[in-house]
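Colleague: Starting off with a structure, shown below.
No value in this document is a laboratory result; all are computed from the given coordinates. All values reported here derive from a predicted model rather than from experimental measurement. Here the Cβ positions follow ideal geometry from the backbone for every residue, glycine too, while neighbour counts run over all protein chains shown.
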Amino acid sequence: MKAEQSLHRFGDLVPISRDEYTREVAEASKVDEPGKLPGTGTGVVCFLYKEGIHPPSVRLRDQLRALAPRYPRTKFTAIVGDKCIPNYPDAMLPTLILYRGGVIKEQLVAWGARVEGSIEELEAVLIQDGILDPTKFSVRPKTPVDDDDDENEKRRITSSKSKLKQKAADDSDSDFDL
């Protein structure tokens, strides 16, 4: 158990600057965890947000702050959108850029900007994309879901992912390349 606890390297939403982005996000995602297959890397969530009072950014920030201690093997970072990517449109915020193994796995553009996304939906998407690793050593709170309800959990994750992909397809602003 102590060996597993030593793998919990993160646990907070950490602010970064543009100069730190490559090291703290892309390079950090290449670092393999002990005991994992070589080349699998570390899950990294990079949260691009709008400074000031921007309800979708505030809501997503609070959700990420709640998830970070539950998944201390995943690195959670935050940076102001237009400081990360010059002239990044406010309409595309908040954005999550999801990395693992030095590769962008997914970009969630304008998450919760039009329709409020729940923390459960966000968690499901991050698990589905392989960013979060829900092992028995995660610090997740107990839920009423029994172990034999795994199939229902898979359906919920797939359903949440499908809804998000449909939202992205309907959003003409989501064609912005990073």
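Colleague: In whole Hz and in residue order, list the ³J(HN,Hα) couplings for the stretch 46-51 that follow from phi through the Karplus curve 6.51 cos²θ - 1.76 cosθ + 1.60, θ = phi - 60°; x for Gly and Pro.
Modeller: Per residue, the Karplus-derived 3J(HN,Hα) values read 10, 9, 9, 9, 9, 5 Hz.
Colleague: Separate question: Across the stretch 1-120, how many lysine pairs, 8 or more apart or on two chains, come within less than 15 Å at their alpha-carbon atoms?
Modeller: 4
Colleague: Relative to the Cα centre, what is the charge dipole magnitude of the stretch 1-116, using +1 at the beta carbon of each Lys and Arg, -1 at the beta carbon of each Asp and Glu, and rounding to the nearest 20 debye?
Modeller: 260
Colleague: Read phi for every residue in the stretch 87-99 and hand back ³J(HN,Hα) as whole Hz from Karplus 6.51 cos²θ - 1.76 cosθ + 1.60, θ = phi - 60°, with x for Gly and Pro.
Modeller: 3J(HN,Hα) across the stretch 87-99, in whole Hz: 6, 5, x, 4, 5, 9, 9, x, 10, 10, 10, 10, 10.
Colleague: Send over the per residue convex hull volume for the stretch 22-91, Cα only, as a whole number of Å³.
Modeller: Expressed per residue, the convex hull around the Cα atoms of the stretch 22-91 is 95 Å³.
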